[in-house]
Amino acid sequence: MFILAIFFLLGTGYAGYLLSTSHKPGSKPLDFMRTVHHSSALAGLACFWVYLLTSETNTQLTVGFLLFIAAALGGLTLFRVIFPQEQKPMMVVYAHASIAIAALLASIIGVFN
(Lines give C-alpha, C1' and ligand atoms only; values in the text may rest on other atoms or scores of the structure.)
Protein backbone atom coordinates (compact mmCIF):
# COMPACT_ATOMS: atom_id res chain seq x y z
CA MET A 1 0.00 0.00 0.00
CA PHE A 2 2.92 2.32 0.70
CA ILE A 3 4.31 1.83 -2.82
CA LEU A 4 0.93 2.80 -4.27
CA ALA A 5 0.85 5.88 -2.04
CA ILE A 6 4.33 6.86 -3.22
CA PHE A 7 3.30 6.50 -6.87
CA PHE A 8 0.22 8.67 -6.31
CA LEU A 9 2.26 11.29 -4.45
CA LEU A 10 4.95 11.34 -7.15
CA GLY A 11 2.18 11.85 -9.72
CA THR A 12 0.91 14.69 -7.57
CA GLY A 13 4.35 16.24 -7.61
CA TYR A 14 4.63 15.96 -11.37
CA ALA A 15 1.18 17.47 -11.90
CA GLY A 16 2.10 20.25 -9.47
CA TYR A 17 5.30 20.91 -11.40
CA LEU A 18 3.32 21.18 -14.63
CA LEU A 19 0.87 23.52 -12.91
CA SER A 20 3.64 25.76 -11.61
CA THR A 21 5.33 26.04 -14.99
CA SER A 22 2.06 26.74 -16.79
CA HIS A 23 1.14 29.46 -14.30
CA LYS A 24 2.53 32.52 -16.03
CA PRO A 25 1.12 36.06 -15.90
CA GLY A 26 -1.92 36.32 -18.12
CA SER A 27 -2.45 32.56 -18.46
CA LYS A 28 -4.83 30.27 -16.67
CA PRO A 29 -3.62 26.90 -15.30
CA LEU A 30 -5.08 23.85 -16.98
CA ASP A 31 -8.19 22.64 -15.17
CA PHE A 32 -7.37 19.04 -16.04
CA MET A 33 -3.93 19.25 -14.42
CA ARG A 34 -5.44 20.87 -11.34
CA THR A 35 -7.93 18.00 -11.08
CA VAL A 36 -5.17 15.41 -11.52
CA HIS A 37 -3.09 17.16 -8.85
CA HIS A 38 -5.95 17.20 -6.33
CA SER A 39 -7.19 13.69 -7.06
CA SER A 40 -3.81 12.00 -6.93
CA ALA A 41 -2.95 13.85 -3.71
CA LEU A 42 -6.15 12.60 -2.08
CA ALA A 43 -5.57 9.07 -3.33
CA GLY A 44 -1.96 9.13 -2.10
CA LEU A 45 -2.98 10.39 1.33
CA ALA A 46 -5.71 7.76 1.57
CA CYS A 47 -3.28 4.96 0.67
CA PHE A 48 -0.71 6.32 3.12
CA TRP A 49 -3.37 6.46 5.85
CA VAL A 50 -4.35 2.84 5.22
CA TYR A 51 -0.68 1.87 5.34
CA LEU A 52 -0.24 3.64 8.66
CA LEU A 53 -3.29 1.92 10.11
CA THR A 54 -2.34 -1.57 8.98
CA SER A 55 1.40 -1.67 9.63
CA GLU A 56 3.87 -1.10 12.38
CA THR A 57 4.52 2.59 12.23
CA ASN A 58 7.50 4.51 13.41
CA THR A 59 7.84 8.15 14.31
CA GLN A 60 9.35 9.17 11.00
CA LEU A 61 6.43 7.76 8.99
CA THR A 62 3.99 9.60 11.22
CA VAL A 63 5.96 12.83 10.79
CA GLY A 64 5.96 12.31 7.03
CA PHE A 65 2.20 11.79 7.01
CA LEU A 66 1.63 14.89 9.14
CA LEU A 67 3.84 16.91 6.80
CA PHE A 68 1.73 15.68 3.87
CA ILE A 69 -1.39 16.81 5.73
CA ALA A 70 0.25 20.22 6.31
CA ALA A 71 1.13 20.47 2.61
CA ALA A 72 -2.43 19.53 1.65
CA LEU A 73 -3.91 22.10 4.00
CA GLY A 74 -1.46 24.69 2.72
CA GLY A 75 -2.42 23.92 -0.88
CA LEU A 76 -6.11 24.07 -0.06
CA THR A 77 -5.63 27.39 1.67
CA LEU A 78 -3.46 28.73 -1.12
CA PHE A 79 -5.79 27.88 -3.96
CA ARG A 80 -9.23 28.12 -2.38
CA VAL A 81 -9.14 30.68 0.39
CA ILE A 82 -6.32 33.18 0.02
CA PHE A 83 -5.96 33.56 -3.74
CA PRO A 84 -9.00 32.03 -5.47
CA GLN A 85 -8.86 34.03 -8.72
CA GLU A 86 -5.57 35.91 -8.63
CA GLN A 87 -2.06 35.15 -9.78
CA LYS A 88 -0.47 32.99 -7.09
CA PRO A 89 2.71 34.26 -5.43
CA MET A 90 5.36 31.78 -6.49
CA MET A 91 7.21 31.83 -3.15
CA VAL A 92 4.09 30.48 -1.45
CA VAL A 93 3.72 27.84 -4.16
CA TYR A 94 7.37 26.84 -3.67
CA ALA A 95 6.87 26.63 0.11
CA HIS A 96 3.89 24.30 -0.48
CA ALA A 97 6.03 22.12 -2.74
CA SER A 98 8.98 22.15 -0.33
CA ILE A 99 6.84 20.88 2.54
CA ALA A 100 5.52 18.08 0.31
CA ILE A 101 9.05 17.11 -0.80
CA ALA A 102 10.22 17.05 2.82
CA ALA A 103 7.25 14.84 3.68
CA LEU A 104 8.07 12.44 0.84
CA LEU A 105 11.70 12.19 1.90
CA ALA A 106 10.79 11.68 5.55
CA SER A 107 8.34 8.95 4.61
CA ILE A 108 10.77 7.09 2.38
CA ILE A 109 13.53 7.30 4.99
CA GLY A 110 11.05 6.15 7.64
CA VAL A 111 10.22 3.00 5.70
CA PHE A 112 13.87 1.99 5.48
CA ASN A 113 14.55 2.53 9.21
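Observations, loosely collected:
- Lone unmet requirement of (1) at pLDDT below 90; (2) in a helix (DSSP H, G or I) for Ser27: (2)
- Condition check for Leu45: part of a helix (DSSP H, G or I) and either acidic (Asp, Glu) or at pLDDT 90 or above (or both): yes
- Residue check: Phe79 meets all listed conditions (1) open to solvent by less than 50 Å² (accessible area, probe 1.4 Å); (2) in contact with a Lys or Arg (Cβ under 8 Å, 6 or more places away or on another chain) but one, namely (1).
- For the stretch 26-75, a tally of residues being open to solvent by 60 Å² or more (accessible area, probe 1.4 Å), in contact with a Ser or Thr (Cβ under 8 Å, 6 or more places away or on another chain) and under 18 Å from Ile101 (Cα atoms) returns 1.
The values are calculated or read from the model by the stated rules, or taken from the named source; none is laboratory data. Predicted model, so just to flag it, every value in this text is computed and none were measured. Quick reminder, even Gly has a Cβ in these numbers, built from the backbone with ideal geometry, and neighbours come from all protein chains shown. Note: areas computed on protein heavy atoms with side chains; ligands, DNA, RNA excluded. Shrake-Rupley method; radii C 1.70, N 1.55, O 1.52, S 1.80 Å.
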